[in-house]
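Structure first, then comments.
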Amino acid sequence: MHGSLLIDSDVLIDHLRKEKNALDFLSAELEKGTMLFTSVINRVEILAGIRRGEEDAINSLFKILIAIDVDVAIAYRAGEYMRRFSKSHALNIGDAIIAATSVEMGLKLATKNIKHYPMKEIQIIRPY
């Protein structure tokens, strides 16, 4: 197995919009045997912006992703990130939880929104 990645909402949205770079990135990772994870927060973000007719595509995408629930360790770390970065970096609670999920689960985070994650302990992969 190649590895594991936590996929951020921006990449998932690009995939749903059939952006070639996103389609190629996720396909290549799956071909390499990479396990693809998503936070339940990413699911909320995707479902909040659902467009008419996207339900089947979203359900298909969610089937290839392993969902990670927020547990106590993730909640504590997200709270720490909110204390440290909400004022200085305008960190929102969703990104704090995604960052905490990445660190607590030992997953690299695939995102284009690098500025949303000022935490030094996160391993960020810019997918394209």
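Quick look at the values:
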{"read-out": "Count of residues meeting criterion [in contact (Cβ under 8 Å) with a residue 60 or more places away in the chain and out of contact with any Leu (no Cβ under 9 Å at 6 or more places or on another chain)] in the stretch 107-121", "value": "2"}
{"read-out": "Cβ pairs under 8 Å, 6+ apart, first in the stretch 1-28 and touching a residue at least 24 places away in the same chain (Cβ under 8 Å) and on the phi < 0 side of the Ramachandran plot, second aromatic (Phe, Trp, Tyr) and assigned to a helix (DSSP H, G or I)", "value": "11/25"}
{"read-out": "Residue satisfying condition, being assigned to a helix (DSSP H, G or I), touching a strand residue (DSSP E or B) at 6+ places or on another chain (Cβ under 8 Å) and modelled with pLDDT of 95 or more, within set 12, 36, 5", "value": "12"}
{"read-out": "Looking only at the stretch 98-122, and only at residues there that are among the hydroxyl-bearing types (Ser, Thr, Tyr) and part of a loop (DSSP other than H, G, I, E, B), the one that is surrounded by the fewest Cβ atoms within 10 Å (Cβ to Cβ)", "value": "117"}
{"read-out": "The lone exception for residue 60 - which of (1) closer than 28 Å to residue 120 by Cβ; (2) of a type in the set (Ser, Thr, Tyr); (3) more than 14 Å from the chain's Cα centre (by Cα) it fails", "value": "(1)"}
{"read-out": "Residues being among the acidic types (Asp, Glu) and in a helix (DSSP H, G or I) - total across the stretch 40-70", "value": "3"}
{"read-out": "Tabulated pairs, the stretch 58-80, first at pLDDT 95 or above, second assigned to a helix (DSSP H, G or I) and hydroxyl-bearing (Ser, Thr, Tyr), C-beta under 8 angstrom, 6+ apart or interchain", "value": "68/101; 70/101; 74/101"}
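Every residue, every condition in (1) farther than 26 Å from residue 33 by Cα; (2) hydrophobic (A, V, I, L, M, F, W, C), yes or no:
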position: 47; (1), (2): yes, yes
position: 52; (1), (2): yes, no
position: 72; (1), (2): yes, yes
position: 81; (1), (2): yes, no
position: 92; (1), (2): yes, no
position: 95; (1), (2): yes, no
position: 109; (1), (2): no, yes
position: 120; (1), (2): yes, no
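Conditions tested, residue by residue: (1) buried (at least 19 other Cβ atoms within 10 Å of the Cβ); (2) among the hydroxyl-bearing types (Ser, Thr, Tyr); (3) within 18 Å of the chain's Cα centre (by Cα).
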{"position": "4", "(1), (2), (3)": "no, yes, yes"}
{"position": "25", "(1), (2), (3)": "yes, no, yes"}
{"position": "34", "(1), (2), (3)": "no, yes, yes"}
{"position": "37", "(1), (2), (3)": "yes, no, yes"}
{"position": "51", "(1), (2), (3)": "no, no, no"}
{"position": "66", "(1), (2), (3)": "no, no, yes"}
{"position": "83", "(1), (2), (3)": "no, no, no"}
{"position": "88", "(1), (2), (3)": "no, yes, no"}
{"position": "94", "(1), (2), (3)": "no, no, yes"}
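The values are calculated or read from the model by the stated rules, or taken from the named source; none is laboratory data. What you are looking at is a predicted structure, and each value in this text was computed from that prediction instead of being measured. Cβ atoms come from the backbone with ideal geometry, glycine included; neighbour counts cover every protein chain shown.
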